[in-house]
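Accompanying notes for the structure given below.
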Amino acid sequence: TIHRDAVKLEEMLNSFKHKAAKIEENELIGVELERSNCAWNSESELVTIRVRAADIPKDQPRKAHNIVLLVDVSGSMHGWDRLDLLVQGFKNFVKGLDQGDRISIVTYAGSSGVALKPTTCDQKNIILDALSGLASGGSTNGIGGIKMAYELAEQYYDPQFNNRIILATDGDFNVGISSPNELEEYIST
C-alpha cells in the first residue's frame, strides 16, 4: 500500500490522459468541463477542467521584455534537480528571446546581490555566462532578494516594455519575512 502523502500532486495529475480544450472561432480561451466516475472510489465522481488559450500568431509583434530573474542560490537549492535544472531552463528561455529584450539577474542566499545588471539579448553570451556562474550556498534571505529585485525593476522600468520579475525558489525562506501571507502583502504594496 502506498501512503497517501507519498504521492505528489503532479504525479497524480500526470497519471491521467489529457486532451486540449477546443477554442471556438474568434475566442481567446476555451474551457471545457467533463464529469466522470472515480476509478478508486465508487461514491465519488471526478470533474476534469480543461483550459486552453488561443495560439498567438508568431509574426504578431510584441512588446520587448524587461525581466528580472530573482534566483534563490541558498544551500537548499544545491543539486541537479534544483539550481542546475533552473539554470538550464533559464538558458533555454534566454535563447528564445529577441535582441531587444533585457534580462537582469538578482540572487539571494544569506545576502542579496545583482549578478547581472540589465543586459539586452543581443549580448546573450554575457547573460548565459552569468547564469552559468550561479552557485548555491548559505541561508535563505528571500525578502532581501525580493527588495533588491523590485528596486532594480523600478530603476529600469519602461512602460514600453513588458516588465516582470520571475522568482525562482524552492520556497524555503528562513531569514527575514518568511510567511506566505507577509510575503504576499509586501509584494502587493
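The values are calculated or read from the model by the stated rules, or taken from the named source; none is laboratory data. Keep in mind that this is a model prediction, so the values were computed, not measured. The protein model used for the area step is the full one, side chains on, heavy atoms only, and it has no ligands, DNA or RNA in it. Shrake-Rupley method; radii C 1.70, N 1.55, O 1.52, S 1.80 Å.
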inquiry  = With both bridge residues required to lie in region 1-155, what share of the DSSP beta bridges run antiparallel, to the nearest 5%?
reply    = 70 percent
message = Counting only protein heavy atoms and a 1.4 Å probe, tell me what percentage of region 1-132's accessible area is made up of carbon and sulfur.
response = 51 percent
task = Give, in nm to one decimal, the length gained when the segment between E151 and I29 is fully stretched (0.36 nm per residue of separation minus the Cα-Cα distance).
result = 40.5 nm
note = Spelling it out for I165: with amide H atoms placed in the peptide plane at 1.01 Å from N, the residues 5 or more places away or on another chain with amide H under 5 Å from its amide H are V68
Integer Hz, Karplus 6.51/-1.76/1.60 couplings in order for region 96-108, x for Gly and Pro = x, 7, 7, 4, x, 6, 10, 10, 10, 10, 10, 10, 8
